[in-house]
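> Provided herewith is a single structure, encoded as structure tokens, for subsequent inquiry.
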Amino acid sequence: MAQGLIEVERKFVPGPETEDRLQELGGTLEHRLTFRDSYYDTPELSLMRADHWLRQRENSGWELKCPGTAGVSGPHTEYRELTAEPAIVAQLYGVLGAEVLGARGVTAVLGPLGLQEVASFVTSRSTWKLVLSRVDKEEHSLRVDLDTADFGYAVGEIEALVNEEAEVPAALEKINKLSSMLGVLAQEKAPAKLIMYLQRFRPQDYQRLVEVHSSREKPQGTKDARQ
């Protein structure tokens, strides 16, 4: 993924007819795959409490989701996605207030920064691509991921990637339009897989996030992400 793209997404609870509905709307199945995600943080959850989400995907590499400006309120999330390891390491230094001299890769700084695995699970995913045409005939592509985690939780995500903040409102309009077409209620919010994992298997950590993010209602993934 290109460095620093802004991910605008909305999570929803998929139903048994969701894939059929996507086909009816002209969606195309890009692929089906299975992968393991592992998330890392300090014992105090310093990253998650700052709305940063560090993930290593098996055979894919590292990603750090950083909060966007969230200039538009609603049941969606907005994040910058960093995938270049030097950029991830630099952001980790900034959030955690520390620096490991001479270290370049993410793996090399995990121990010195006190980062450890806090969650790991396998996801089965189907990815769909859908193009919504506007009156001006400009094409806008949306991605829809339908995920089922190995601990029994299913969630869908409609995603648009943009290059700058000025493009976020238009992306959100597309996402909300497709959400309505899929029968998603206007204010429906679905938790991210990681949030559900913590709630089920690390309830004390989950509660800490709820308390920290109380001003936003709930932590990422329930207001979403990244992942």
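> How many residues does the stretch 15-36 hold that are open to solvent by 80 Å² or more (accessible area, probe 1.4 Å) and not in a strand (DSSP E or B)?
Number satisfying all stated conditions: 5.
> Select from the stretch 147-170 the residues that are farther than 21 Å from residue 21 by Cα and touching a His at 6+ places or on another chain (Cβ under 9 Å) and list them in ascending order.
Correct list: 170 only.
> So residue 85 ticks every box in (1) within 22 Å of residue 210 (Cβ to Cβ); (2) in contact with a helix residue (DSSP H, G or I) (Cβ under 6 Å, 6 or more places away or on another chain) but one. Which box is left unticked?
All conditions pass for residue 85, except number (1).
> So how many residues does the stretch 177-208 have that are surrounded by 19 or more Cβ atoms within 10 Å (Cβ to Cβ) and among the small types (Gly, Ala, Ser)?
The total comes to 3.
> Against the definition (open to solvent by less than 80 Å² (accessible area, probe 1.4 Å), at pLDDT 90 or above and within 17 Å of the chain's Cα centre (by Cα)), how does residue 225 come out, yes or no? Full working, then the answer.
On the way: open to solvent by less than 80 Å² (accessible area, probe 1.4 Å): yes; at pLDDT 90 or above: no; within 17 Å of the chain's Cα centre (by Cα): yes.
In short, no.
> From the list 52, 31, pick out the single residue that is under 18 Å from residue 207 (Cα atoms) and at pLDDT 95 or above. It would help to see each step written out before you state the result.
Working: 31 fails: under 18 Å from residue 207 (Cα atoms).
Going through 52, 31 in turn, the sole match is 52.
> Can you tell me which residues in the stretch 98-137 are open to solvent by 70 Å² or more (accessible area, probe 1.4 Å) and of a type outside the set (A, V, I, L, M)? If you could, list the steps in order and put the result at the bottom.
Taking the stretch 98-137 as the starting set, the residues that turn out to be open to solvent by 70 Å² or more (accessible area, probe 1.4 Å) are 99, 101-102, 104, 107, 112, 116-117, 129, 133-137.
Passing the criteria: 99, 102, 104, 107, 112, 116, 117, 129, 133, 134, 136, 137.
> If you go through the stretch 154-176, how many residues are surrounded by fewer than 18 Cβ atoms within 10 Å (Cβ to Cβ) and of a type in the set (Asp, Glu)?
Qualifying residue count, the stretch 154-176: 4.
The values are calculated or read from the model by the stated rules, or taken from the named source; none is laboratory data. The model shown is predicted, which means the values in this text are computed figures rather than measured ones. Don't worry about glycine lacking a Cβ; one is built from the backbone with ideal geometry, like all the others, and counts go over all protein chains shown. Just the protein is used for accessible areas: all its heavy atoms, side chains included, with ligands, DNA and RNA removed. Shrake-Rupley method; radii C 1.70, N 1.55, O 1.52, S 1.80 Å.
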